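The next block holds one structure in the form of structure tokens; read it before the comments.
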Amino acid sequence: MFLILICRIVIILNLQVLSDGPGMTIGDPVNIDTSVPMQLDQPPAQSHPPPQQQTYKPPIQNGGALSGYPDHTGSSLASTTQFHPIASLNPYQNRWTIKARVTAKSPIRKWNNAKGEGSLFSIDLLDAHGGQIRATMFKDAVDKFYDLFQENRVYIISKGTLKLANKKFSRLPNEYELTLNTDTEVILVGDDDTSIETQKFTFIPINEITKIEPNEFIDVIGIVTHVSSTSSIMTKTTHQQLTKRSITLADNSGLSVEVTLWGETAERYNEIELANNPVMAIKSVRVSDFGGRSLGTTFQSQLFVNLEHERSTELRHWFMNGGMDLQNEHNISKNK
């Protein structure tokens, strides 16, 4: 006869120590030395099990609309859940939950290739630790999440796929990017979460742009000193007419740079919008070596006029105290 033993191994993840001492006393225990012997004709006293802790998971409908949850914002959950920093996410994690602000949202784009056709859109996420990551949704996930995700609002997100970032489409300082699917769980927290910045910039002074390689993407800020009228060009590949406009930005390095705005951006930021020398910040603008060093917007670029930022305050003070007399001293885009 053979005796077969079957063993099961249990691996516990995310173990949390609730206390380093003995737990609470349950019932009225007595020392075994002083207890009264149990009579055989009396049934043993029934013990009451301790109440079990239950974790409430609010139901999620339509990609994040909350049903039966107080205030419908997820604020209570946001204050009690431990979130993973975005910078720690990697493809080897199966379970994670992040809380992040949407700092940018792309329009829906259509694609068509040998594998089929479909639609996609992406969002840029920023968390309280300053971590940034791009999340992209395809096909059915576009229908589920496009209206839910809005710029400047904060969300709790779990379940998704991490992969290496395609730097052709994502300029964020993260080697990974997210794909959110139809089973992704999303809860809206709101837009008044002060623990997360509304935007994160890494501004490059204009006098440092000459050291940046062409086709790199940077953040820049400066005083608008000139706005041209619009013009149109025809693209070589698609033969479509594109609107363009040039503006000049100057900063307290005493230098200025030409920035080309394209498409809807060129039409929106006109002479009226940019009158009276406002401060303009541009996130993710492409460096070009045309002429010297110049900048150009892409569909990923974000423009901010009179941004509330300490750098804006510095530039206004500089411009109003003599900087306006130096605005055209040297334009790094006109080097020959």
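The values are calculated or read from the model by the stated rules, or taken from the named source; none is laboratory data. Just so we're clear, the structure is a prediction, and the values are computed from it rather than from any experiment. Methodologically, a virtual Cβ is constructed for each residue, glycine included, from the backbone with ideal geometry; neighbour enumeration extends over all protein chains shown. Side chains included, ligands, DNA and RNA excluded: accessible areas come from the protein's heavy atoms. Shrake-Rupley method; radii C 1.70, N 1.55, O 1.52, S 1.80 Å.
What are the ³J(HN,Hα) couplings of the range 234-240, residue after residue, when phi is run through the Karplus curve with 6.51, -1.76, 1.60 and θ = phi - 60°? Round to Hz, x for glycine and proline.
Coupling constants for the range 234-240: 9, 6, 6, 8, 9, 6, 9 Hz.
By how many nm would the segment from Glu314 to Thr81 grow when fully extended, if each residue of separation counts as 0.36 nm and the alpha-carbon distance is taken off?
80.0 nm
What part of the accessible area of the range 119-262, given as a whole %, is carbon or sulfur when the probe is 1.4 angstrom?
Here carbon and sulfur together make up 46 percent of the probe-accessible area.
May I ask you to list the aspartates and glutamates whose Cα is less than 14 Å away from that of Lys283, ignoring any residue fewer than eight positions away on the same chain?
Correct list for Lys283: Asp124, Glu216, Asp219.
Measuring from a point 7 Å past the Cα of Thr235 along Cα-to-C-beta, which residues in the range 108-130 have an amide N at less than 18 Å?
108-113, 118-122
Show me the trypsin sites (Lys or Arg not before Pro) within the range 138-207 that DSSP assigns to loop and that have at most 11 other Cβ atoms within 10 Å of their Cβ.
Lys167, Lys168
At most 10 other Cβ atoms within 10 Å and a DSSP loop assignment: could you name the trypsin sites (Lys or Arg not before Pro) in the range 100-136 that fit?
When the trypsin sites (Lys or Arg not before Pro) of the range 100-136 are filtered for loop state and at most 10 Cβ neighbours within 10 Å, Lys115 remain.
What list of ³J(HN,Hα) values in whole Hz, one per residue of the range 126-137 in order, does the Karplus curve 6.51 cos²θ - 1.76 cosθ + 1.60 (θ = phi - 60°) give from phi, with Gly and Pro shown as x?
Rounded to whole hertz, the list is 9, 10, 5, 8, x, x, 10, 7, 9, 10, 10, 10.
Between beta-carbons, use under 14 Å as the cut-off and find the net charge around Tyr155, counting Lys and Arg +1, Asp and Glu -1.
-2
Using DSSP to define loop residues, name the trypsin sites (Lys or Arg not before Pro) in the range 205-279 whose beta-carbon has at most 11 other beta-carbon atoms within 10 Å.
Qualifying residues, ordered by number: Lys236.
Going down the table (Lys144/Lys244; Lys163/Lys236; Lys168/Lys211; Lys99/Lys163; Lys115/Lys168), which pairs top 31 Å between alpha carbons?
Lys144/Lys244; Lys163/Lys236
Counting Lys +1, Arg +1, Asp -1, Glu -1, what net charge surrounds Asp219 among other residues with beta carbon under 11 Å of its beta carbon?
Here the charged neighbours net out to +4.
Could you check the spin-label model distance between Asn94 and Glu271? Points 7 Å from the Cα along Cα→Cβ, value in nm.
6.4 nm
I need the calculated FRET efficiency for the pair Gln150 and Asp325, taking r as the beta carbon distance and R₀ as 35 Å, to the nearest 0.05.
0.25
Could you give the dipole magnitude of the range 172-233 about its Cα centre, charging the beta-carbon of Lys and Arg +1 and that of Asp and Glu -1, in debye to the nearest 20?
460 debye
What number comes out for the charge environment of Val279, summing +1 per Lys or Arg and -1 per Asp or Glu over other residues with Cβ under 15 Å away?
Overall, the nearby charge balance is -3.
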